[in-house]
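What follows is one structure encoded as structure tokens, with my remarks underneath.
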Amino acid sequence: MIDPRCISRLNEAEEKEGPVIYWMSRDQRVQHNRALLFARMKATALHQPLIVVFTLATSFIGATFRQYHFMLEGLRETENLLGELNIGFVLLQCSPEMGGPGMELARYASSAGAGCVVTDYSPLRISQQWKREAAALLKAPFYEVDAHNIVPCLAASGKQEYAARTFRPKINRLLGEFLLSQPPIEAMPQAPELPPVNWTEVIGNLSVDRTVAPVTWLKPGERAAEEHLNLFIKNKLAGYADLRNNPTADATSLLSTYLHFGQLSAGQVALEVQSSQAPEESKAAFLEELIVRRELSDNYCAYQKRYDAYEGVPGWAHTSLEKHALDPRDAIYTPLEFETAATHDRLWNAAQKELLNTGKIHGYMRMYWAKKILEWSPSPREAFETALWLNDRYALDGRDPNGYAGVAWSIGGLHDRPWFERPVYGKIRYMNASGCQRKFDVERYIARQETV
Ligand SMILES: Cc1cc2nc3c(=O)[nH]c(=O)nc-3n(C[C@H](O)[C@H](O)[C@H](O)COP(=O)(O)OP(=O)(O)OC[C@H]3O[C@@H](n4cnc5c(N)ncnc54)[C@H](O)[C@@H]3O)c2cc1C
């Protein structure tokens, strides 16, 4: 049974006979996936086959080959795992000329005579637009299931939260009702007859920017994600509370990419962390990030329409930043100079090189990185745009609510409070290299990025 607070009905169409379709989007995994579980239950109740459909947009918010490659390799595994359970998998390649993913999904559902369509939840504008387009065309009931958040985003809070301190009690109140292990997806009695996806052709057809190459340090897919999680719990979780802010200590989970693509369930991570032998302090510190901070980002994107724009930052921060917009800067760089790691600051350049070469920046350095973009850009608006552009272009986990909230936190004071006023930053929290020096061996971090 799935808690009805996880499910929204997106149209009024009546139930009819025909295969059940799970339009997989944000939650690209088979197990521990409430949306697939719900679709599986519908298929059983209606005595119908189950088909998972993925609509592949030819471009997606500036994503490059690096991110598409990771996602498609994961989906290739998803097709196999579903096949073992007699669940069909269809990949539809969609271009704007064809009307985009929502229309393409509706066309496929109509040609397959679908009896019911289920999808997963995302607060992002583009995904909501695709769903609205599909909902207007579908002739079968259309459901959305929040399979990404532990406490469903729309049930956790009905408004944009000010800060973690206002959101935490709401999440904690409901956590026990939603942090539950899910039964495995059982095999369907019979597989639908569908041709296998030609992955070489799909990858070859991509028209995305291929100059940003895939990474090799992180293996894509649901199985690799589970192995990665197990190793984190076994080897690193114990030191998380003490070492997570030290970028040279390799102490964080590096799970954000798996969570972003939905190759891993946050609920499953939380359950496994809770039941581990690690010290309580480390478990609590990790769960605060995984649950409160991560789900707060979805809350921001769900209720702040301008989540990816400078206009989305809180009023006090906007006023303060504008007051200091014309303050003289010690240095001003163009987006290209930032992109090519050509600033005067070796520490900043090292963080940017980490991003370019590996598709990630350590969480602590990510804050420093974004705040210095504010300090050295001609205006706070340009800083916001440069930081988001670089994050979305190079980070494996980019184009995520966490990225929008992270940039808005660093540059625009989101979920933070006003600090002492100072040039350029206004009342936005400041960070500098000597602060980093006190926390970790800066030279070691720099040297590491030089050798990647
Ligand atoms: C400027 C900036 C940009 C960011 N861009 C992204 C992004 O594009 N995608 C992304 O997933 N995260 C982003 N973050 C948040 C955070 O930096 C990353 O989630 C974290 O560094 C990922 O590493 P990890 O998996 O080892 O994290 P861990 O420390 O192991 O944390 C576990 C999980 O908790 C979540 N988490 C951790 N820190 C935060 C946080 N501050 N806010 C929300 N959730 C958090 C992530 O899902 C993470 O995987 C950004 C932060 C900043 C300051």
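The values are calculated or read from the model by the stated rules, or taken from the named source; none is laboratory data. Note that the structure is a prediction, hence the values are computed from the model and not measured. Cβ sites come from the backbone with ideal geometry, for glycine too, and all protein chains shown count toward neighbours. Keep in mind that these areas ignore ligands, DNA and RNA; they rest on the heavy atoms of the full protein, side chains included. Shrake-Rupley method; radii C 1.70, N 1.55, O 1.52, S 1.80 Å.
Observations on the model:
- Residue match in the range 326-339 (condition: part of a helix (DSSP H, G or I) and touching a residue at least 60 places away in the same chain (Cβ under 8 Å)): no
- Candidates SER410, SER379: the one that is open to solvent by less than 30 Å² (accessible area, probe 1.4 Å) and more than 11 Å from the ligand (Cβ to nearest atom) is SER379.
- Considering the range 23-131, the qualifying helices (runs of 4 or more DSSP H), each wholly inside and each with 1 or more residues that are small (Gly, Ala, Ser) and under 21 Å from ALA225 (Cα atoms), run over 34-46, 65-84.
- Unmet requirement for TRP217, which otherwise passes all of (1) open to solvent by less than 40 Å² (accessible area, probe 1.4 Å); (2) in contact (Cβ under 8 Å) with a residue 60 or more places away in the chain: (1)
- Contacts under 7 angstrom Cβ, first residue in the range 65-76 being assigned by TED's automatic domain parsing to the domain that holds ARG399, partner open to solvent by 30 Å² or more (accessible area, probe 1.4 Å) and of a type in the set (Ser, Thr, Tyr), 6 or more apart: none
- Complete set of residues in the range 218-249 that are part of a loop (DSSP other than H, G, I, E, B) and in contact with a Lys or Arg (Cβ under 7 Å, 6 or more places away or on another chain): ASN245, ASN246, THR248
- When we screen GLU289, GLU354 for residues that are of a type outside the set (A, V, I, L, M, F, W, C), closer than 24 Å to ALA156 by Cβ and either crowded, with 23+ Cβ neighbours inside 10 Å or assigned by TED's automatic domain parsing to the domain that holds LEU259 (or both), the only hit is GLU289.
- Selection count, the range 159-183, where residues are touching a helix residue (DSSP H, G or I) at 6+ places or on another chain (Cβ under 9 Å) and touching a residue at least 60 places away in the same chain (Cβ under 8 Å): 16
- In the range 74-102, the residue that is nearest to VAL30 (Cα to Cα) out of those that are at pLDDT below 95 and hydrophobic (A, V, I, L, M, F, W, C) is CYS94.
- Restricting ARG444, ARG381, ARG438 to those that are without any contact (Cβ under 8 Å) to a residue 40 or more places away in the chain and basic (Lys, Arg) reduces the list to ARG438.
- Boolean, THR200 is more than 26 Å from VAL30 (Cα to Cα) and open to solvent by 90 Å² or more (accessible area, probe 1.4 Å): no
- Candidates TYR364, TYR404, filtered to the one that is in contact with a Cys (Cβ under 9 Å, 6 or more places away or on another chain), at negative phi and surrounded by 24 or more Cβ atoms within 10 Å (Cβ to Cβ): TYR404
- Pairs where the first residue, in the range 123-143, is without any contact (Cβ under 8 Å) to a residue 40 or more places away in the chain and the second is in a helix (DSSP H, G or I), C-beta under 6 Å, 6+ apart: GLU133/GLY102; GLU133/MET103; LEU137/ALA106
- Matching entry among GLU295, GLU281 (being of a type in the set (Asp, Glu), closer than 28 Å to PRO152 by Cα and either in the same structural domain as GLY406 (by TED's automatic domain parsing) or open to solvent by less than 70 Å² (accessible area, probe 1.4 Å) (or both)): GLU295
- Matching residues, the range 243-258, being open to solvent by less than 20 Å² (accessible area, probe 1.4 Å) and either over 26 Å from GLY435 (Cα atoms) or within 12 Å of the ligand (Cβ to nearest atom) (or both): PRO247, ALA251, SER253, LEU255, THR257, TYR258
- Among the residues of the range 167-185, those that are outside any helix (DSSP H, G or I), more than 21 Å from the chain's Cα centre (by Cα) and among the aliphatic types (A, V, I, L, M) comprise LEU180, ILE185.
- Filtering the range 306-325 to residues that are in contact with a helix residue (DSSP H, G or I) (Cβ under 9 Å, 6 or more places away or on another chain), part of a helix (DSSP H, G or I) and buried (at least 17 other Cβ atoms within 10 Å of the Cβ) leaves TYR310, GLY312, ALA317, HIS318, LEU321.
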